[in-house]
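Working notes for the structure below.
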Amino acid sequence: MGPLGWLFDATLTIAGHDVLWREIVGNLFGLASAVGGLRRRVWAWPVGIVGNVLLFTVFLGGVFHTPQQTDLYGQAGRQVFFVAVSVYGWVRWRQTQRAALEHGAPADTPAVVPRWAGPRGWVLIGSVAVVGTVGFAALFSALGSWGPWADAWIFVGSLLATYGMARGWIEFWLIWIAVDVVGVPLLVSAGYYPSAVLYVVYAGVVIYGFTVWLRARGEEPAVPAGERSEVAA
């Protein structure tokens, strides 16, 4: 089947269960992206996209014949939306960083200054979380997804968290915690053990990331206010 086919289907056995290497590698890219996000580095976005592409093939187990043979449409579908939102975040952070460098900021200046989303942001987060979860739960149930309600919240919450990271909202870390609380039991019940373990590791990174961003919210922006508004537009 050739070297590429072998790499695509390569597995290892953990506690009697066959696990795809691409599930492990995809999650490691996701973890690296989370660390990059914690440090507010632009490279977090392209690294995350690589992990998204790999995990898309993992969570459509019935389509790509993974050991689990279980389709998690929310988990797979969110990888597609992750790529789209990540491109947005990548462009936004690059623009902000480029503007900061043009104003004499050091080369290692973080790409975003953390801030609270504020009342308008909270209304957006709350309304999308409720309406999106109900709507996608109905869709995933019709498609035959494993655990449609949990799958729907993970899908919607992950998109909200990624969008919040792109905007520099501190709340995105709290949304990730809520996603992890639901995600670990779902992934264990569906047999995606490496992803479940990585979710637990993510939780530790997320809690730490929240404290780091919370402390950094009072940083002085490297770009003047007027030009920051132009970059954000």
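The values are calculated or read from the model by the stated rules, or taken from the named source; none is laboratory data. Note that the structure is predicted; figures quoted are calculated from it, not measured. Here the Cβ positions follow ideal geometry from the backbone for every residue, glycine too, while neighbour counts run over all protein chains shown. The accessibility values were calculated without ligands, DNA or RNA, using every heavy atom of the protein model including side chains. Shrake-Rupley method; radii C 1.70, N 1.55, O 1.52, S 1.80 Å.
Inspection of the range 96-107 identifies no residue that is among the hydrophobic types (A, V, I, L, M, F, W, C), open to solvent by 20 Å² or more (accessible area, probe 1.4 Å), farther than 30 Å from residue 42 by Cα and part of a helix (DSSP H, G or I). Taking the range 187-198 as the range and being in contact with a helix residue (DSSP H, G or I) (Cβ under 7 Å, 6 or more places away or on another chain) and open to solvent by 10 Å² or more (accessible area, probe 1.4 Å) as the test, the residues that pass are 188, 194, 198. Quick one: is residue 223 more than 15 Å from the chain's Cα centre (by Cα), modelled with pLDDT under 85, β-branched (Val, Ile, Thr) and open to solvent by 40 Å² or more (accessible area, probe 1.4 Å)? Against the criterion (more than 15 Å from the chain's Cα centre (by Cα), modelled with pLDDT under 85, β-branched (Val, Ile, Thr) and open to solvent by 40 Å² or more (accessible area, probe 1.4 Å)), residue 223 does not qualify.
Could you please let me know if residue 185 is touching a strand residue (DSSP E or B) at 6+ places or on another chain (Cβ under 6 Å), part of a helix (DSSP H, G or I) and under 30 Å from residue 11 (Cα atoms)? Taking the combined requirement at face value, the residue does not satisfy it. Filtering the range 140-171 to residues that are farther than 18 Å from residue 188 by Cα, over 10 Å from the mean Cα position of the chain (by Cα) and either among the acidic types (Asp, Glu) or not in a loop (DSSP other than H, G, I, E, B) (or both) leaves 140, 141, 142, 143, 156, 164, 166, 167, 169, 171.
Set side by side, the residues 169, 116 differ, and just one is open to solvent by 70 Å² or more (accessible area, probe 1.4 Å), hydrophobic (A, V, I, L, M, F, W, C), over 21 Å from residue 76 (Cα atoms) and in contact (Cβ under 8 Å) with a residue 24 or more places away in the chain, which is 116.
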